[in-house]
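The values are calculated or read from the model by the stated rules, or taken from the named source; none is laboratory data. All figures in this text were calculated on a predicted structure; none of them were measured in a lab. Virtual Cβ from ideal backbone geometry, glycine too; neighbours counted across all protein chains shown.
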């Protein structure tokens, strides 16, 4: 019998690739040594009469500019000596040192010319490093110079950083000689900003006068194009008259006529400057349709009354990053006692997951529902009234037992989100407002939490958070997705929470502990200290708020010797790890806010003078 044929054994070992790290790190050093020794150089670059012998291969590998020069049909590809225009010889020497060593030396006096050279030679790393270095070193003494440079070369990160510093220090910077070197377009951009930290609009006018008078003959004709950026609606009548009588205006009849037209037409849509506004906490008076605007740090308390229909069953309130105040209210009920559609079920019906009603369900059971339209009101700062925000209403199915649903309105990166929380089953659904289509769009992923008790919804940075003592969920708008983060764990129930910068602060019902969450590191830590109410009894839940970049808490207390509520407001000193009593003097009535904390907005107090 013949032996069976056997196939030769095939090895299962796979081929591998190996990388010599020492070669990779040593190669550039070897190239640098060749450059220092003057070996194998095949081209000379001439910059401002200085000669730089180099290697075409090295230059082409480092820079797309040189690659195009030496590998195309350009005349330079064949020349032994190439003259480079538009470069500083000293800066080109620094660039060449980087190309051969990988090390870049940047200083304040080199940042701008190095950026210019790198921009021409298409060296992205050098350009990005220079811009980052300039951002880190923007100061009041150099911000105007860096702003002008960044504006010309469109270096946005430097430009934005400079503008922020100019806005914060405008009154001092406007007196500097460097300010008068701005172009007319740069000047008008700066004085157009809402964020200018000036107490009076006359400061802006005086800065314009200095700029014009610095080169009167060349700049006077620009005055009519600059004046519309002065906010005459924020000036007193005496200030306006003084401007009309100013020699610069009287010398140019066009300017005088322009000011008169602006004053007559009015420009109330121009907002007050940041420095003219005061951060105020907004609180509802539970006994009236009033809002209390307060700043306990400055001892300011202003109560303003509104029409009762403005706050008809207010559901949610938010203050956005651009200082708009929105209130979500009931609009109308339509089509009572209907079975919900599956898509509506996802907006929080209190029915449980997947328990849509059948057509033959008994209308007399206790699960009847109604469709409800919710509208958004927007606060008109200048008129001190709440008006329709100009958004489409958002509809939802609501259980007949209203308390089993809770509404939230929050903003993330300029977009409004409406959340419905099913308090019975712990389901959270969400829609976002699309201003281009004027529609509320349903977000794809529903969030389930273990139960509804003591949760808070708030935004911090570019994310939205749902916070409980045992859970922390983060929503990423860019991915339309929820994910779990590290829960607090330190406190039994989250009673109030507020975001400040990249951190979230929260405390529990008994205010046994305040804790802080770092959203970037996903870590929690305890804050030292707790406020002392003295002989008063804490009667209600504490409330957090962030005012003027400081953490505050309110304890709502009672006393046997005094009627009504006593509000104790404390400010946290993080360096000392202690709470300081601000000795606030809130009127003795009952206040409340809708949301995880007491909201804060920037208010131009003259708009409230009729309150």
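State all residues of region 225-245 that are touching a residue at least 24 places away in the same chain (Cβ under 8 Å) and surrounded by fewer than 16 Cβ atoms within 10 Å (Cβ to Cβ); if no residue qualifies, say none.
Once the filter is applied, which keeps residues that are touching a residue at least 24 places away in the same chain (Cβ under 8 Å) and surrounded by fewer than 16 Cβ atoms within 10 Å (Cβ to Cβ), region 225-245 yields 225, 239.
Residue by residue, here is whether (1) in a strand (DSSP E or B); (2) within 30 Å of residue 313 (Cα to Cα) holds:
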{"site": "517", "(1), (2)": "yes, no"}
{"site": "524", "(1), (2)": "yes, no"}
{"site": "533", "(1), (2)": "no, no"}
{"site": "568", "(1), (2)": "yes, yes"}
{"site": "580", "(1), (2)": "yes, no"}
{"site": "588", "(1), (2)": "no, yes"}
{"site": "595", "(1), (2)": "no, yes"}
{"site": "601", "(1), (2)": "yes, yes"}
{"site": "607", "(1), (2)": "no, yes"}
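In the set 198, 249, which member is in contact with a helix residue (DSSP H, G or I) (Cβ under 7 Å, 6 or more places away or on another chain), buried (at least 17 other Cβ atoms within 10 Å of the Cβ) and part of a helix (DSSP H, G or I)?
Being in contact with a helix residue (DSSP H, G or I) (Cβ under 7 Å, 6 or more places away or on another chain), buried (at least 17 other Cβ atoms within 10 Å of the Cβ) and part of a helix (DSSP H, G or I) holds for just one of 198, 249, which is 249.
Can you tell me which residues in region 394-414 are surrounded by 15 or more Cβ atoms within 10 Å (Cβ to Cβ) and at pLDDT 75 or above?
Across region 394-414, the qualifying residues are 394, 395, 405, 406, 407, 408, 409, 410, 411, 412.
Is one or more of the residues making up region 269-290 at pLDDT below 90, surrounded by fewer than 17 Cβ atoms within 10 Å (Cβ to Cβ) and under 30 Å from residue 171 (Cα atoms)?
yes
Conditions (1) in contact with a helix residue (DSSP H, G or I) (Cβ under 8 Å, 6 or more places away or on another chain); (2) crowded, with 16+ Cβ neighbours inside 10 Å; (3) closer than 25 Å to residue 545 by Cα; (4) not assigned by TED's automatic domain parsing to the domain that holds residue 317, marked per residue:
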{"site": "433", "(1), (2), (3), (4)": "no, yes, no, no"}
{"site": "437", "(1), (2), (3), (4)": "no, no, no, no"}
{"site": "445", "(1), (2), (3), (4)": "no, no, no, no"}
{"site": "457", "(1), (2), (3), (4)": "no, yes, yes, yes"}
{"site": "487", "(1), (2), (3), (4)": "no, yes, yes, yes"}
{"site": "501", "(1), (2), (3), (4)": "no, no, yes, yes"}
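Tell me which of these residue 473 doesn't satisfy, since it passes every other one: (1) part of a loop (DSSP other than H, G, I, E, B); (2) touching a residue at least 24 places away in the same chain (Cβ under 8 Å).
Residue 473 satisfies every listed condition except (1).
Within region 58-78, which residues are surrounded by fewer than 14 Cβ atoms within 10 Å (Cβ to Cβ), touching a helix residue (DSSP H, G or I) at 6+ places or on another chain (Cβ under 9 Å) and without any contact (Cβ under 8 Å) to a residue 12 or more places away in the chain?
Residues satisfying the conditions are 61, 71, 74.
Is there a residue being in the same structural domain as residue 33 (by TED's automatic domain parsing), under 27 Å from residue 156 (Cβ atoms) and at pLDDT 85 or above anywhere in region 71-83? I'd like the intermediate steps shown before the answer.
Our first condition is that a residue be in the same structural domain as residue 33 (by TED's automatic domain parsing); within region 71-83, this holds for 71-83.
Filter again for under 27 Å from residue 156 (Cβ atoms), leaving none.
No, region 71-83 has no match at all.
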